[in-house]
Amino acid sequence: MPIAHPRFDLPHASPRNILPINDILDFSKIESGKLVLENIPFDVRRLLDEVRELFSVKAADQRLDFSISCDTDVPERLVGDPLRLNQVLINLIGNALKFTHAGYVRVNVTTRQRTHDAQMLRFAIEDSGVGMNDAQRARLFMPFSQADSSTTRVYGGTGLGLTISQRIVEQMGGCIEVNSALGKGSVFVFDASFGFARDAVADAKTKDITNLSLKRSSGTRVLLAEDNPSISNWSSRFWAMPASA
């Protein structure tokens, strides 16, 4: 007689099922000290464009004003972990959209401290959503908890996203801070440190040398002995001086 094996019906693998599993796996790595950040070159503006594209349809469906801005002095090429940075932004922006029913969600990226080998960036995610009181805000970064039990009933979620995001940001040299008031929206701010990509450092040095050369050449006469007209013309444009035969 054949042995009857028990049959289990597994839920369909949808993003709603997969994301909580990923959260639990990430949290397990963090708790065991096995979450290691990568250090690879990436384009921060391209990453922000991809995040904007990811949420633009949802924001439009909710009729929200959604924008992501990046200051011009933010370097394009940095070294860090783009996957984990993307994860933090998705968590924070996703929450902002989830708890905002009218108005806006705005993301702004600016520069902070800069050294010869590192750039600190500040990411601010502001919304006009439901906001939080002091007691709810105090529970935000506790594992497996949300602002209160009604949040889980209405919006769902594992309560791990913010905990994981905080730990990732801490590994990036910063922390997540929250300013919120009930009925008046929230602002989540975090700093993160990144290295400079070699090509970005080279471009910056070239720009500095060029600016220094032009500054020093102001009001200075230069004698250039060169019988090649092409080189002579190029030199005159570089030094911002008229060439004379």
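The values are calculated or read from the model by the stated rules, or taken from the named source; none is laboratory data. Just so you know, these numbers come straight off a predicted model, no measurement behind them. Cβ sites come from the backbone with ideal geometry, for glycine too, and all protein chains shown count toward neighbours.
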### Message
I'd like the residue in the stretch 125-141 that is among the aliphatic types (A, V, I, L, M) and crowded, with 17+ Cβ neighbours inside 10 Å and, out of all such residues, is nearest to T163 (Cα to Cα).
### Response
L140
### Identity of the residue in the stretch 26-53, modelled with pLDDT under 95 and either small (G, A, S) or in a helix (DSSP H, G or I) (or both), that ends up farthest from the chain's Cα centre (by Cα)
S32
## Note on the structure
Just one listed residue, out of D23, D9, D65, is modelled with pLDDT of 95 or more and not polar (S, T, N, Q), and it is D65
### Qualifying residue in the stretch 89-110 (condition: assigned to a helix (DSSP H, G or I) and among the β-branched types (V, I, T))
yes
### Task
Search the stretch 76-106 for residues being modelled with pLDDT of 95 or more and touching a Lys or Arg at 6+ places or on another chain (Cβ under 8 Å), and hand back the single one that is farthest from D43 (Cα to Cα).
A102
